[in-house]
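Please read the structure below before turning to the comments.
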Amino acid sequence: MTSPGPPTRDQTARVGSDTGGTFTDLVAADGTITKTLSTPGDPGEAVRAGLVSLGARRPDTLTHGTTVATNAVLERRGAQVALVTTEGFSDVIEIGRQDRPSLYDPFADRPEPLVARALRFGVVERLAADGSVLVPVDLATIPEIPDEVGAVAVVFLHADLNPAHERAVAEVLRSRGFDVTCSHEVAPEFREYERTSTTVMNAYIRPPCRRYLDGLAPAAGEVSVMTSAGGLVPVADAATSPVRLLVSGPAGGVRAGAAYAVACGRPDAITFDMGGTSTDVCLVRDGRPEPATARDMDGLPVRVPSLDVLTIGAGGGSIARVDPGGALVVGPRSAGAEPGPACYGRGGTEPTVTDANLVAGHLPPGATLGDLEPLNVEAARGALAAAGVDAEGVIAVVEANMARALRRVSVERGVDPRGLALVAFGGAGPLHACGLADALGMETVIVPPRAGVLSAVGILGAPRRHDLVRSWPTPTDHTGLADALDALAAEATAAVGGDATVEVGVDCRYAGQSHEITVGAVADFAAEHERRNGYLRGGDAVEVVALRAAASVPAPVDIADLPVLERSGGVGPVVIAEPDATTWVPTGWRAEPGPVGCLVLTRV
């Protein structure tokens, strides 16, 4: 599906793209869009096909969001990894923390570590907690690593404060031909388990991600990739540190969703992105998506800067079934792009959320998605009947799952969702937005223009960005803190070049606490602690454990300046079908055109 009008070379000189589980979306700088089925075997194939369809066979600039890093972890399709660590600490990656996947389930297992026990090796060396050398590194104790190992992670105790031992060992291993990731390169922060997990994950996914990104690099004069933190980095940097790409595409949607919420005068919102395989939600306060310094990926901790996006397995392709207890279950398994929902006519036989929406009348009969044939309502109805499920039940169950996700990023953080707008996008998001708003008592739904490809829109207009983090060695002694922040800011600025805007922050906590809050300055900590937790600990020492800096340079494209689309409204029940997404307006809701091409839905 391509929007009308043949684009010219100048119009498509800059293109944003987002690879999803079902569709790959592209948006040119003039607002022209195209949507093609994803190609899981080679995701770059769909991007290249989309560029041809868009009329931009080789644009000057391609900004890209990808699911390759995430899928490599979820599907366990990474390289065979060896771990080289401080002698005596090789099982840190398996011991982990004392938290359990399910507190009261004795049969629940933790996820398997990404590196087998037989490939964990210790090296004689030891640093003290302040980074000083207790035992010099003994290069003679570097192990012989099997040739079949595809990547090596090097993680030494306290290397976040002194990387010298890691560098020395990495030099030897690289001379032997191994692809080596060091912890000080990707996660220079304290906490050994999280630092080890992050480093191992980067090593694990780097070979497949590098192959993919190297293959994509010739698609444009310049290729940049979206990071989890919501900024663009050169494709070579992305291939080196793919662990920073785990919510690459969703971060673009969050950025764009927040911008459109502000344009509609609703800077406090929740972004709700429902695609073909998953749903991503994020809290936006005062126009800024909530950041996170760590996240979980398939039960494994990752310590990299990120937007605080919560992902669940609920999408248009989520498969509905009746479990052995007779309960209706929807997801997390998805029909994906191949074969897709039954109504796609591509061989799928299991009922999905898209099939349910079609049968329920929330999608118009004969609608087309992307470059598919018209949706087949009889095939959808047959799949639902064969599985013994009904359309309304499927919709109710998937909306209950998504409502829980919305509560997790709002109610569970002490934020009343009734004062927030719901920004709905993705191919399936506007179909379920009003139902979710009803469940949470939210009064306003915003459906941005080009909602079905909004992540690609956000990636198109994303800034160049470079994030840095450093451990602070003396938590209660803040001498030299300001100078260290200035130096970190200068380093981040040099990495992006141009007229950069820099934000700095410090990770603070009260003495004795095991969790931190990132604030702009130590003086801001008490107020932020009280806002989040409802109390102060006046008189207790404030510890600083890490410093942060993020430098960004705005994109030449402002998404608010994209051509405004003419959109129709209506009072529910009404279906508003558009080329990239369909909005379902149920009884009791009204849709009206709003600022910058948004649809604003309110209760009648």
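Within the chain, the longest segment free of exposed loop sites, counting chymotrypsin sites (Phe, Trp or Tyr not before Pro) that fall outside DSSP classes H, G, I, E and B and have at most 12 other Cβ atoms within 10 Å, spans 108-534.
All alpha carbon pair distances within the range 279-421 were sorted into 5 Å bins beginning at 0; the resulting P(r) in whole percents reads 2, 10, 17, 18, 15, 13, 12, 10, 5, 0.
Here Val604 sits with roughly 100 square angstrom of accessible surface, probe radius 1.4 Å. Would you work out what percent of the accessible area of the range 342-479, with all protein chains in place, is carbon or sulfur (probe 1.4 Å)? Answer for the range 342-479 is 49 percent, counting heavy atoms of protein chains only.
For the range 584-601, 3J(HN,Hα) computed residue by residue from phi via the Karplus equation (6.51, -1.76, 1.60; θ = phi - 60°) reads 9, 9, x, 4, x, 10, 10, 10, 9, x, x, x, 6, x, 6, 9, 10, 9 Hz, glycine and proline entered as x.
In this structure the range 43-87 gives 36 Å² per residue of accessible area when probed at 1.4 Å with all protein chains present. Debye-formula intensities of the range 77-141, expressed as log10 I(q)/I(0) at q = 0.12, 0.22 Å⁻¹, are -0.46, -0.97 (one equal scatterer per alpha-carbon, no solvent).
Taking GluC sites (Glu not before Pro) across the range 120-218, the ones in a DSSP loop with at most 16 further Cβ atoms lying within 10 angstrom of their Cβ are Glu144, Glu148. The figure for Arg295 is an accessible area of roughly 40 square angstrom, using a 1.4 Å probe on the protein chains alone.
Summarising the amide proton neighbourhood of Glu222: residues at separation of 5 or more, or on other chains, whose placed amide H is nearer than 5 Å comprise Thr61, Leu62.
Around Val457, what is the net charge, scoring Lys/Arg as +1 and Asp/Glu as -1 over all other residues with Cβ under 13 Å from its Cβ?
Every neighbour counted, the sum reads -3.
Gain on full extension, evaluated as 0.36 nm per residue between Val172 and Arg603 minus their Cα-Cα distance, stands at 148.6 nm.
Each helix, a run of at least 4 DSSP H residues, gives -39500 (n - 2.57); summed and divided by the residues of the chain, these come to -8500 deg cm²/dmol at 222 nm. Relative to one another, the C-alpha centroids of the range 431-505 and the range 302-330 are positioned 25 Å apart. Note that the range 340-356 has calculated 3J(HN,Hα) couplings of x, x, 4, 5, 6, x, 10, x, x, 10, 8, x, 10, 4, 4, 4, 5 Hz, one per residue in order, obtained from phi through the Karplus relation 6.51 cos²θ - 1.76 cosθ + 1.60 (θ = phi - 60°); glycine and proline are x.
With the biggest extent put first, the Cα atoms of the chain measure 72, 58, 56 Å across the principal axes. Across the range 214-228, rounded Karplus estimates of 3J(HN,Hα) from the backbone phi angles (6.51 cos²θ - 1.76 cosθ + 1.60, θ = phi - 60°) give 5, x, 7, 3, x, 5, 8, x, 9, 10, 10, 10, 6, 9, 4 Hz, Gly and Pro being marked x.
Surface exposure of the range 158-292, expressed per residue as accessible area with a 1.4 Å probe, stands at 29 Å². Amide H to amide H distances under 5 Å link Met297 with Val302, where only residues 5 or more positions off or on other chains count and H is placed in the peptide plane. Report the FRET efficiency, 1/(1 + (r/R0)^6), for Asp477 and Glu112, where r is their Cβ-Cβ distance and R0 is 25 Å, rounded to 0.05. Once the sixth-power term is evaluated, E becomes 0.05. Global dimensions of the range 514-589 from alpha-carbon coordinates: Rg and Dmax equal 23.5, 59 Å.
Provide the solvent-accessible area of Ile459, counting protein heavy atoms only and rolling a 1.4 Å probe, rounded to the nearest 10 Å². Taking all protein chains as shown, Ile459 has close to 0 Å². Ignoring ligands, DNA and RNA, please state the percent of accessible area on the range 184-227 from carbon and sulfur, probe 1.4 Å. Ligands and nucleic acids excluded, carbon and sulfur reach 51 percent.
Solvent exposure of the range 308-434, expressed per residue, is 39 Å² of accessible area, with all protein chains present and a 1.4 angstrom probe.
The values are calculated or read from the model by the stated rules, or taken from the named source; none is laboratory data. Values in this document were obtained by computation on a predicted structure and should not be read as measured data. All Cβ positions, glycine included, derive from the backbone under ideal geometry; neighbour counts span all protein chains shown. Remember, those area values only see protein heavy atoms, side chains included, never the ligands or the DNA or RNA. Shrake-Rupley method; radii C 1.70, N 1.55, O 1.52, S 1.80 Å.
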